[in-house]
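**Q** Sharing a structure below in structure tokens format, with a few things to ask.
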Amino acid sequence: LTEEEYNQASASTVNAHYTSPLVISAMWRAAIRLGIQTQSRILEPAAGIGHFLGLQPDEIKSNARVAVEIDATSAAILSLLYPDTTVRACGFQQPGLPLNFFDLTISNVPFGKYGVHDIQFKSRPRLTRAIHDYFFAKALAHIRPGGLLAFITSRYTLDKKDEYLRRYLDEHAVFLGAIRLPGGKDGAFAQNAGTEVTTDIIFLRKRNENETETSSPAWIETSETSVPNESNVCHDAAVNQYFLDNPQMVLGQFTLAGSMYSENELTVQGHLTSDQLDAAIEHLPAHVIT
């Protein structure tokens, strides 16, 4: 690499979280259950070298695929691997993509406490203060009414006490469900991505024009619940009400454990399998994307 390429690659490693084929394939199966069909227009806004595109099933042939990747070297590899895909080597705030266009946006989004400058959200600056919040808001702007968003994100999108993002999303989309994956040292991303954070797969359908019916408020709210730590001492932890109401969507047991982030970090203990993922997918609504 040139010095510029090396510095760019180094800067992007904080969010270079390789997603396992086990999880990606399950997300595609969920998209099919929810109603994504052949000839869909697909956007991958944090594409890396294209694992989501490479595992796209034959049942969903695309007539337009766009991938956005901020690291130029990864974007170049992606272009060589998938020459039928339009690749934008830039940040998600830069490519000038069409609004209200894509049938499906699917990704493992960046997460962190750093912001993004995007003039599109100058009237909603709170949406740009955290990168993962921004990706949700930005992606919804590019999805057609009735289209699907399927994102992996850290648990904080649903568990943080600040409801601002969730209320914004509920204004623009219908919450279809979420699957909480195991975290911690044995979690879904610990070995292949080097991160112990507990993650969720979230599914949203963008509202059609004049659609005003609200989703169940449960997914917007969090509640304090008693969770044991590794010494079997219970402490209160904030958990999204959706998971408390739908424990079958949590693929393991809640626990408080020491992690790279803090002591008594809320996580989910469990060993992820394809059968677990399929069982959770069966609880998602069927054929709601048209």
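The values are calculated or read from the model by the stated rules, or taken from the named source; none is laboratory data. These figures come from a predicted structure and were not determined experimentally. Heads up, the Cβs are rebuilt from the backbone with ideal geometry, glycines too, and the neighbour counts pull from every protein chain shown. Side chains included, ligands, DNA and RNA excluded: accessible areas come from the protein's heavy atoms. Shrake-Rupley method; radii C 1.70, N 1.55, O 1.52, S 1.80 Å.
**Q** For residues that are touching a helix residue (DSSP H, G or I) at 6+ places or on another chain (Cβ under 6 Å) and over 18 Å from ILE24 (Cα atoms), tally how many sit in the range 74-84. Let's see the steps before the verdict.
**A** Going through the range 74-84, the residues touching a helix residue (DSSP H, G or I) at 6+ places or on another chain (Cβ under 6 Å) turn out to be 82.
Now restrict to residues that are over 18 Å from ILE24 (Cα atoms): none.
The qualifying residues number 0.
**Q** Does the range 56-86 hold any residues that are assigned to a loop (DSSP other than H, G, I, E, B), open to solvent by 30 Å² or more (accessible area, probe 1.4 Å) and farther than 15 Å from LEU104 by Cα, and which are they?
**A** Across the range 56-86, the qualifying residues are ASP58, ILE70, TYR82, PRO83, ASP84.
**Q** Working only within the range 169-220, note down all residues that are aromatic (Phe, Trp, Tyr), at pLDDT 95 or above and either open to solvent by less than 10 Å² (accessible area, probe 1.4 Å) or in a loop (DSSP other than H, G, I, E, B) (or both). So that I can check it myself, show each step before the final result.
**A** Step one: list which residues in the range 169-220 are aromatic (Phe, Trp, Tyr), which gives 175, 189, 203, 219.
Subsequent filtering for residues that are at pLDDT 95 or above retains 175, 203, 219.
Result: PHE203, TRP219.
**Q** Does at least one position in the range 235-252 carry a residue that is under 19 Å from GLY270 (Cα atoms), open to solvent by 30 Å² or more (accessible area, probe 1.4 Å), polar (S, T, N, Q) and at pLDDT below 95?
**A** The answer is no; no qualifying residue exists.
**Q** Could you list, ordered by first residue, the pairs with Cβ atoms under 7 Å in which the first is in the range 29-45 and among the basic types (Lys, Arg) and the second is part of a strand (DSSP E or B) and buried (at least 21 other Cβ atoms within 10 Å of the Cβ), at least 6 apart or interchain?
**A** ARG41/PHE102; ARG41/ASP103
**Q** Hey, PRO125 hits all of (1) open to solvent by less than 40 Å² (accessible area, probe 1.4 Å); (2) more than 28 Å from LEU284 (Cβ to Cβ) but one; which does it fall short on?
**A** Tallying (1) open to solvent by less than 40 Å² (accessible area, probe 1.4 Å); (2) more than 28 Å from LEU284 (Cβ to Cβ), PRO125 fails exactly one: (1).
**Q** How many residues does the range 23-45 hold that are open to solvent by less than 30 Å² (accessible area, probe 1.4 Å) and either in a loop (DSSP other than H, G, I, E, B) or of a type in the set (A, V, I, L, M, F, W, C) (or both)?
**A** Step one: list which residues in the range 23-45 are open to solvent by less than 30 Å² (accessible area, probe 1.4 Å), which gives 23-24, 26-28, 30-31, 34-36, 40, 42-45.
With either in a loop (DSSP other than H, G, I, E, B) or of a type in the set (A, V, I, L, M, F, W, C) (or both) added as a condition, the list becomes 23-24, 26-28, 30-31, 34-36, 42-43, 45.
Number of matching residues: 13.
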